[in-house]
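Peer 1: Below are the structure tokens for one structure; questions will follow.
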Amino acid sequence: MKRLFLFCFLLILAGCTDQERPSPHANPDLAEKVTVNLIAPWSIDFDGEHFFISEKEGSVVKVWGNGQTLREDVFLSESLANVAESGLLGFVLKKDFLKSHEAYAYYTYDLEGTPVNRIVTLHYDGTSWHEKDILLDGIVSGPVHHGGRLALSPNGVLYATIGDGANPDSAQDTDLFNGKIIRLTDGNTFELVSIGHRNSQGLAWDESGVLYASEHGQSANDEINNIEAGNNYGWPIIEGTELAEGMEKPLLTSGTGETWAPSGITFHKGLLYVAALRGEAILVIDPLAGKLLEKIEGYGRIRDVFSDGESLFFITNNTDGRGNPAEDDDVLYRLK
């Protein structure tokens, strides 16, 4: 009888999948839940009292310090596209948000069956968000690779990443914004910062003002790049560690044997933290050495990371149709 019990117990263990076994990292000693039940979240920002988290389906979730949440409507002038990876993506509060009550947003909408990217300002009335000004429009995209990250430089300039829309050659065409990093000028128009990007989804500056970006590779070969204005980062002519005259190689790449699918990035206490979707981790990188120090794993797909200077926060992205959501996904965590 004892042998039969042991045999059955071993069969049960053998039938458990890796997904069902708890990760050694997924524990309250490493990260604590701030709020749960987010729906495919994309960007995190903070006004000093509340977190604001954009969701792809067209909402912004307001989060108080005690985990209380309010899902707020976003009223846009166009209907969101329903192709893969599209929707309400980048979202960042203006520097003077507490006074102006305005934010920047990046979304992909449907124009007669064609996905198109747009950057707008939103006005916040305290409970909902309303499209106010269109800053950039008509950026035709494709079935995937919309880019979508918005970030403010240390001096308050708006930067954006635009994907190649699954049209690789567009990344080298300087007449198009596809496959580029761009920034808003004083004249309220956008200019190119760098070209040759496949699908960048992360922007962050270090303490000295040096810009870094994350980028999805074609098949592995994901990249972390040190961005200098005017430079060409190679896609689709080179990728990963390949070299070509007049084109930049990455600070760090996942190589040909591993896929990170990096998304949002941030600096926290001198190190670069990178959200990885396919890699299901937060990558901790020493940017000066160009070295991956560790991976924080056990939470599934990670979409964005945010530092308030004291703590590091991150959002999972397990409900976007490509993950395996747990009962309370998606979650805003604080790393201890």
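Each reported figure results from applying straightforward, stated rules to the coordinates on display, with no laboratory input. For clarity, every value in this text was computed on a predicted model and none was experimentally measured. Cβ coordinates were reconstructed from backbone atoms using ideal geometry, including for glycine residues, and neighbour counts include every protein chain displayed.
Peer 1: Based only on other Cβ atoms within 10 Å, what is the fewest-to-most ordering of S79, S194, S43?
Peer 2: Working: S79 10, S194 22, S43 27.
Ascending number of Cβ neighbours within 10 Å: S79, S194, S43.
Peer 1: Tell me, what ³J(HN,Hα) does each residue in region 253-261 have, in order and in whole Hz, if you take phi through Karplus 6.51 cos²θ - 1.76 cosθ + 1.60 with θ = phi - 60° and put x for Gly and Pro?
Peer 2: 9, 6, x, 8, x, 9, 10, 9, 6
Peer 1: Now, a different point. Shape call for region 108-182 from the C-alpha gyration tensor, a ≥ b ≥ c root eigenvalues: rounded (a/c under 1.5), prolate (a/b greater than b/c) or oblate?
Peer 2: Working: a/c = 2.56, a/b = 1.40, b/c = 1.83.
Judged from the Cα gyration tensor, region 108-182 comes out oblate (a/c at least 1.5, b/c at or above a/b).
Peer 1: Here's a follow-up. Quick one: putting +1 on the C-beta of Lys and Arg, -1 on the C-beta of Asp and Glu, what dipole do you get for the chain around its Cα centre, in Debye to the nearest 20? Before the final figure, lay out each step's value.
Peer 2: Working: 26 positive and 50 negative charges, 204 e Å.
Once rounded to the nearest 20, the dipole reads 980 debye.
Peer 1: So for R118, R183, R149, fewest C-beta neighbours within 10 Å to most, what's the order?
Peer 2: Values: R118 20, R183 16, R149 28.
Ordered by Cβ neighbours within 10 Å, fewest first: R183, R118, R149.
Peer 1: With θ taken as phi - 60° and the coefficients 6.51, -1.76 and 1.60, list the Karplus ³J(HN,Hα) couplings across region 66-76 in order, rounded to whole Hz; mark glycine and proline as x.
Peer 2: 8, x, 5, 10, 9, 7, 10, 6, 10, 9, 10
Peer 1: Okay, moving on. Quick query: amide H of G279 versus all other amide H atoms, modeled in the peptide plane; which residues come in under 5 Å with a sequence gap of 5 or more or a different chain?
Peer 2: A261
Peer 1: May I ask for the angle, rounded to the nearest 10°, between helix 2-15 and the longest principal axis of the chain, with both axes built from Cα atoms and the value confined to 0 to 90°?
Peer 2: 10 degrees
Peer 1: Once phi is turned into ³J(HN,Hα) by the Karplus curve 6.51 cos²θ - 1.76 cosθ + 1.60 with θ = phi - 60°, what whole-Hz value does each residue of region 156-164 show in order, with x for glycine and proline?
Peer 2: Per residue, the Karplus-derived 3J(HN,Hα) values read x, 7, 7, 10, 9, 10, 10, x, 7 Hz.
Peer 1: Restricting attention to the alpha-carbon atoms of the chain, what are Rg (one decimal) and Dmax (integer), both in Å?
Peer 2: 20.3, 82
Peer 1: At 10 °C and 1.306 mPa s, grab the translational diffusion coefficient of region 37-144 from Stokes-Einstein with a Kirkwood Rh over Cα pairs, rounded to a whole number in µm² per second. Don't skip to the end; give the middle numbers.
Peer 2: Working: Rh = 14.0 Å.
Translational diffusion coefficient: 113 µm²/s.
Peer 1: Sticking with this structure for a sec: Taking the number of other C-beta atoms within 10 Å as the exposure measure, put F46, F177 in order starting with the fewest. Can you show the working numbers first?
Peer 2: Details: F46 15, F177 22.
With the sparsest Cβ surroundings first, the list reads F46, F177.
Peer 1: Same structure again: When we measure straight from the Cα of K336, which lysines land under 19 angstrom away, once same-chain ones fewer than 8 places off are left out?
Peer 2: Result set, ordered by chain and number: K33, K269, K295.
Peer 1: Under 5 Å between amide hydrogens, which residues at least 5 positions from N317 or on another chain qualify, with H placed 1.01 Å from N in the peptide plane?
Peer 2: R301, I302, R303
Peer 1: Further question: Nearest 20 debye, what's the magnitude of the dipole of region 21-143 about its Cα centre given +1 on Lys and Arg Cβ and -1 on Asp and Glu Cβ? If you can, show how the numbers build up before the last one.
Peer 2: Working: 10 positive and 19 negative charges, 67 e Å.
The calculation lands at about 320 debye.
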